[in-house]
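We did not get these values from a lab; they are worked out from the coordinates using the rules stated. Note that the structure is predicted; figures quoted are calculated from it, not measured. Positions of Cβ are backbone-derived with ideal geometry, glycine not excepted, and every protein chain shown enters the neighbour counts.
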Amino acid sequence: VIGAARTLWALQGIKFTISGVENVPKTGSGVVAINHTGYLDFTLAGVPAHLQGRRKVRFMAKKEVFDNKITGPLMRALRHIPVDRTAGAESYQAAVEYLRAGELVGVYPEATISRSFEIKAFKSGAARMALESGAPIIPTVIWGAQRIWTKGHPKHLGRTNTPVSIGVAEPLEATGSPEALTAKLHEVRVAK
């Protein structure tokens with residue numbers, strides 16, 4: 001799947017600028033907290049982890065993606081985590097278990113695509129997962145995916161030569177209250 005994604009990126013001519021790969025832990029768990037501007041964010045957010053020792057990120061994604069007859073089997077085979085937005089306790093617990101097992105778990109603290117492309121208010125789930133599992137939070141910012149495919153705008157698939165930047169900030173230690181850790185994450189993400 002990673003090879004297929006890389007081939008599609010090459011065919012599209014995506015021009016990557018990646019910084020902060022060294023901030024992804026080579027081993028052990030981490031909550032990869034990503035901004036959400038486009039539908040391809042989850043494929044792109046895993047690039048720094050892959051560059052850092054071929055690590056994989058298990059993404060939390062809305063249940064509807066898993067219900068689809070094409071994307072569902074793929075998402076399950078890749079061990080991503082379905083999120084039922086009306087009853088999220090099961091997906092939250094699955095994410096904590098992945099983290100305790102030393103996995104990287106990708107989450108979107110904004111919980112949905114930002115139509116303004118600005119960093120929105122964060123939910124506290126990423127901080128709560130980090131605190132419960134002891135995993136650090138790895139702030140990750142993607143810019144450019146919204147130019148390819150996002151909510152409410154036409155798709156720009158094909159050879160677009162779109163520049164995409166991915167930046168990983170220094171990990172945040174899982175300490176303090178969920179509210180304080182969420183505020184710190186928001187501050188780091190806005191600055192990045």
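Overview of results
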{"item": "Ordering of 42-51, 165-174, 67-76 by packing [mean C-beta count within 10 Å, highest first]", "result": "42-51, 165-174, 67-76"}
{"item": "Karplus 3J(HN,Hα) series, Hz, for the stretch 30-36 with 6.51 cos²θ - 1.76 cosθ + 1.60 (x for Gly, Pro)", "result": "x, 8, 7, 9, 10, 6, 10"}
{"item": "Estimated dipole of the chain in Debye, rounded to 20 [Cβ of Lys and Arg +1, of Asp and Glu -1, Cα centre]", "result": "700 debye"}
{"item": "0 to 90° range, to nearest 10: angle between helix 178-191 axis and the chain longest Cα axis", "result": "30 degrees"}
{"item": "Relative pair counts by distance (%), Cα atoms of the stretch 117-192, 5 Å bins", "result": "3, 15, 21, 18, 14, 12, 10, 6, 2, 0"}
{"item": "Cα-only Debye scattering, the chain: base-10 log of I(q)/I(0) at q = 0.12, 0.15, 0.16, 0.18 Å⁻¹", "result": "-0.54, -0.88, -1.02, -1.32"}
{"item": "Cα-based equivalent ellipsoid of the stretch 1-82: semi-axis lengths in Å, sorted from largest, via gyration tensor", "result": "21, 17, 12"}
{"item": "At 1.567 mPa s and 4 °C, Stokes D of the stretch 57-158 from Kirkwood alpha-carbon radius, µm² per second", "result": "87 µm²/s"}
{"item": "Rounded, prolate or oblate (a/c below 1.5 giving rounded, otherwise prolate when a/b exceeds b/c) for the stretch 34-112 by Cα gyration tensor", "result": "rounded"}
{"item": "Whole-Hz couplings from phi, Karplus 6.51/-1.76/1.60, listed for the stretch 85-97; x for Gly and Pro", "result": "5, 8, 8, x, 4, 5, 5, 4, 5, 4, 5, 4, 5"}
{"item": "Computed [θ] at 222 nm, helices only, for the chain once each DSSP H run of length n ≥ 4 contributes -39500 (n - 2.57)", "result": "-10000 deg cm²/dmol"}
{"item": "Rounded to 5, the percent of DSSP beta bridges in the chain classed as antiparallel", "result": "20 percent"}
{"item": "Leading residue at positive end of dipole, the stretch 1-97 (Cβ point charges), from Trp9, Ile81, Gln93", "result": "Trp9"}
{"item": "Most positive-pole-ward Cα, Ala191, Ala145, Ile70, against dipole of the chain from beta carbon charges", "result": "Ile70"}
